[in-house]
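Encoded as structure tokens, the structure appears first; notes follow it.
The values are calculated or read from the model by the stated rules, or taken from the named source; none is laboratory data. Just so we're clear, the structure is a prediction, and the values are computed from it rather than from any experiment. Positions of Cβ are generated from backbone atoms using ideal geometry, with glycine treated the same way; all protein chains shown enter the neighbour counts. SASA here: full protein model, heavy atoms, side chains in, ligands and nucleic acids out. Shrake-Rupley method; radii C 1.70, N 1.55, O 1.52, S 1.80 Å.
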Amino acid sequence: MYKLDLPVDYKEASAIERRRNVEEQRKSRIFNARVRTIGIDPQALEQQARDKQEQEEYERRRHEAFASDAVRNDLIAQLLEQRQEQDIRELNKAENDFRALHQQPGNRREWDLYDPEALKKDKPARVCDDDPRCGISSIQKFDGEDLNNKARNKFQQEQLREWHTQQMNERDQAKHNQDMADRLYELKMRELDQRAMELQDAEEQCRRAINHATKDFNAALDRDRKEKEALSRQQQLDDNATEIANHIYGDILTENPSVAQSAFGPHRVIPDRWKGMSPAQLEAIRKQQDLQRMEQDRLKQEEQLKDKEWERQQVANARAALLLEREMARKKQDMDRQMADENRRLSQEQKAHKDYLYKEVYTNPPTAAYFMQFNTTTR
């Protein structure tokens with residue numbers, strides 16, 4: 001009735017097998033934590049976008065910095081090139097000026113070889129008989145030839161005669177000068193000797209006059225010194241007598257109290273003249289000291305009474321503080337006891353609540369089969 005031997009559909013079977021393989025591959029990818037990649041990371045993408053923008057901004061600023069450096073380097077290169085050109089022009093100008101000033105054609109060593117006016121400037125072939133240029137090969141002078149013999153001999157004789165006459169005149173003049181010098185030296189020596197004798201006589205007279213004046217001056221000084229010493233002794237005697245009289249009849253030895261009274265008030269005295277206080281003043285000071293001593297005793301008694309009162313107050317305050325501390329300790333013990341009771345009651349309530357949850361509420365614990373139904377497929 002039912003046809004059970006139906007032919008197998010290979011196409012459908014291959015599709016089912018393919019889907020199973022894809023499912024297994026998907027499981028291997030999803031359930032493997034090492035290779036699983038599900039979803040995207042927006043924070044990482046945003047961070048990558050920010051990093052890319054920062055990199056682009058850095059590249060842009062770097063390019064601008066390189067461009068500005070290139071422009072600056074170009075300007076510097078132009079300035080250096082202009083300076084180099086200016087230096088070359090100045091160097092060439094200085095070189096031309098030096099050549100025009102110190103390297104004239106006439107100053108060259110070989111200028112005489114190609115001077116266009118060399119023949120005009122050159123000397124004749126023979127100037128005189130003694131011309132050193134007229135050698136054997138010059139064919140300008142021959143042995144035995146003397147063109148200026150007569151004139152030369154005459155000139156030499158005249159020259160000899162003039163030299164002889166000049167020597168005689170010089171010898172006579174030197175002798176005359178020596179005689180005049182000797183005579184003048186002798187006269188000068190006589191004059192100096194006479195002058196020295198006159199100066200010696202004047203010096204002797206001056207010395208005698210000075211000695212006489214010094215003697216008179218010393219005598220006058222001695223008389224003046226003796227008179228001054230006599231006056232000084234008399235003045236010393238008079239001063240001593242006056243000082244003795246002043247000490248005897250003065251206010252210091254008589255101890256006059258009125259001399260110590262100051263002009264600034266009756267309560268002030270002059271220290272170097274004050275000889276001490278009077279009996280009335282001493283009695284007044286003793287009375288004042290007695291009054292001060294009585295006042296000091298009264299102040300001491302008052303201070304002792306204050307100290308006793310202060311000690312009494314300290315004892316009372318210490319007793320009150322002790323009572324207050326004991327009261328606070330009792331209150332703290334009561335609070336601790338109440339807190340312990342409250343904690344004990346809360347502990348019992350919490351334990352009862354846990355027992356209720358574990359015994360009444362949580363009575364169906366999950367088994368292993370419950371957890372095995374998860375992660376069985378990728379869908």
Check your understanding: Using a cut-off of 16 Å between alpha-carbon atoms, which aspartates and glutamates can reach LYS351, once sequence neighbours fewer than 8 places away in the same chain are excluded?
Key -> ASP341, GLU342, GLU360
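Semi-axes of the equivalent ellipsoid for region 163-203, please: Cα gyration tensor eigenvalues, times 5, square-rooted, ordered largest first, whole Å. The partial results should precede the final answer.
Numbers: eigenvalues 307, 5, 3 Å².
Here the semi-axes work out to 39, 5, 4 Å.
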Revision key, fill the gap. Rounded to the nearest 10 degrees, the helix 42-102 long axis (Cα) sits at an angle to the longest Cα principal axis of the chain of 10
**Study point:** Helix 10-30 axis, angle to the chain major axis (alpha carbon atoms, nearest 10°)
**Key:** 60
**Study point:** Environment charge at LYS287 (Cβ cut-off 15 Å; Lys +1, Arg +1, Asp -1, Glu -1)
**Key:** -1
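Report the calculated FRET efficiency for GLN373 and GLN55 (r = Cβ-Cβ distance, R0 = 35 Å), to the nearest 0.05.
Details: r = 50 Å, r/R0 = 1.44.
With a Förster radius of 35 Å, E is 0.10.
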Review point. For region 43-164, what number results from the quotient of the Cα radius of gyration and 2.2 N^0.38 Å?
Key: 3.14
**Study point:** Cα pair distances of the chain binned at 20 Å [whole percent]
**Key:** 7, 9, 10, 11, 13, 17, 14, 13, 6, 1
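Per residue of the chain, what 222 nm ellipticity follows from adding -39500 (n - 2.57) for every DSSP H run with n ≥ 4, rounded to the nearest 500?
On the way: 7 runs with 274 residues, N = 379.
Mean residue ellipticity at 222 nm (helix-derived): -26500 deg cm²/dmol.
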Exercise for review: Under 20 Å Cα to Cα from LYS150, which aspartates and glutamates show up? Leave out anything in the same chain fewer than 8 places away.
Suggested key: ASP129, ASP130, ASP131, GLU158, GLU162
Revision key, fill the gap. For the chain, the accessible surface attributable to carbon and sulfur atoms (probe 1.4 angstrom, ligands and nucleic acids excluded) amounts in percent to 55
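Where the only charges are on Cβ atoms (+1 Lys, Arg; -1 Asp, Glu), what is the dipole of the chain about its Cα centre, to the nearest 20 debye? Let's see the in-between values first.
Working: 69 positive and 75 negative charges, 658 e Å.
Rounded to the nearest 20 debye, it is 3160 debye.
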**Study point:** Value of relative contact order over the chain, rounded to a whole percent, pairs C-alpha under 8 Å and six or more apart
**Key:** 13
Exercise for review: Loop sites only, by DSSP: take the chymotrypsin sites (Phe, Trp or Tyr not before Pro) in the chain that have at most 12 other C-beta atoms within 10 Å and name the longest stretch containing none of them.
Suggested key: 143-263
Practice item. Round to the nearest 10 and report in Å² the accessible area of ILE76, as given by a 1.4 Å probe over the protein chains' heavy atoms. Key: 80
**Study point:** Solvent exposure, largest accessible area first (probe 1.4 Å, DNA, RNA and ligands not counted), of LEU357, LEU322
**Key:** LEU322, LEU357
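Once the other residues with Cβ under 12 Å from the Cβ of GLU198 are scored (Lys, Arg +1; Asp, Glu -1), what is the net sum? Please report the intermediate quantities before stating the final value.
On the way: positive: ARG195; negative: GLU191, ASP193, ASP201, GLU203, GLU204.
Here the charged neighbours net out to -4.
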Review point. Cα axis of helix 149-249 to longest principal axis of the chain: angle in degrees, 0 to 90, nearest 10?
Key: 60
Check your understanding: Mind checking which aspartates and glutamates have their C-alpha under 16 Å from LYS121, skipping anything on the same chain fewer than 8 residues away?
Key -> GLU110, ASP112
**Study point:** Debye log10 I(q)/I(0) at q = 0.20, 0.23 Å⁻¹ for region 167-255, Cα point scatterers
**Key:** -0.98, -1.06
